[in-house]
Amino acid sequence: MAVVRAMTRGDLDGVRRLEAATPEAPHWTPAVYERFLSEETPDKRIFIAADDSRTVGFAAAHIISDVCELESMAVDSAARRTGLGAALLAALKEWARQNGAIRVELEVRAGNTSAVAFYERAGFSTDGRRRNYYREPDEDAVLMSCPLQPNHAS
Ligand SMILES: CC(C)(COP(=O)(O)OP(=O)(O)OC[C@H]1O[C@@H](n2cnc3c(N)ncnc32)[C@H](O)[C@@H]1OP(=O)(O)O)[C@@H](O)C(=O)NCCC(=O)NCCS
């Protein structure tokens, strides 16, 4: 049974392995991951799903003002359609809400129909397209967003 928690430095190899095996995910240097792990940038966070210490999913986000940008997300191909992506997004949304975000935004390749379907199911709607946003191959981005409930506790 996988658990969802914040990524630590000890998870870096597992996250990079999963990223490398996921062509749809952006490919980042260790320095980019370091910015998500540094205490100096609490507005950046990666959540991971770990199954017996194996990383089977992750989601990376950055809060800018009151918007949380979902920057990367992947679930191990053997573990898809078991609810891990939804659990990662739920953790990320809760963190974003508690840290003042009122909306989550993302861009996704127009041809990544699985991800678009996943995000729609998770409450995202399409706001528009950015033409030829992606390279290799050239492709439009679909812009999606999802409102967050305000945090009444704070
Ligand atoms: C997108 C992704 C993260 C979804 O993760 P997941 O763990 O499989 O998602 P879940 O199991 O939580 O799916 C929740 C719901 O989303 C929808 N969904 C998920 N994958 C889907 C697919 N391939 N086709 C249609 N609907 C899908 C379904 O409604 C699903 O519920 P169901 O399985 O009960 O029908 C995963 O497919 C992935 O890693 N893809 C490659 C990387 C990627 O494209 N990342 C996004 C761009 S960076």
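Quick note: the coordinates plus some simple rules give every number you see, no bench work behind them. This structure is a prediction, so every number in the text was calculated from the model and none was measured. Glycine gets a Cβ as well: all are built from the backbone with ideal geometry, and neighbour counts include every protein chain shown.
Couple of notes before you dig in:
- Reciprocal of mean inverse Cα separation for the chain (Kirkwood radius, Å): 15.8 Å
- Loop trypsin sites (Lys or Arg not before Pro), the range 29-131 (other Cβ atoms within 10 Å of the site Cβ: 14 or fewer; DSSP): Arg81
- MRE, 222 nm, helices only [DSSP H, n ≥ 4, -39500 (n - 2.57), over the chain, to nearest 500]: -8000 deg cm²/dmol
- For Asp66 and Ile102, the difference between the fully extended length at 0.36 nm per residue and the C-alpha to C-alpha distance is 12.4 nm.
- Ordered by the number of other Cβ atoms lying within 10 Å of each residue's own Cβ, fewest first, Leu84, Leu89, Leu12 fall into the sequence Leu12, Leu84, Leu89.
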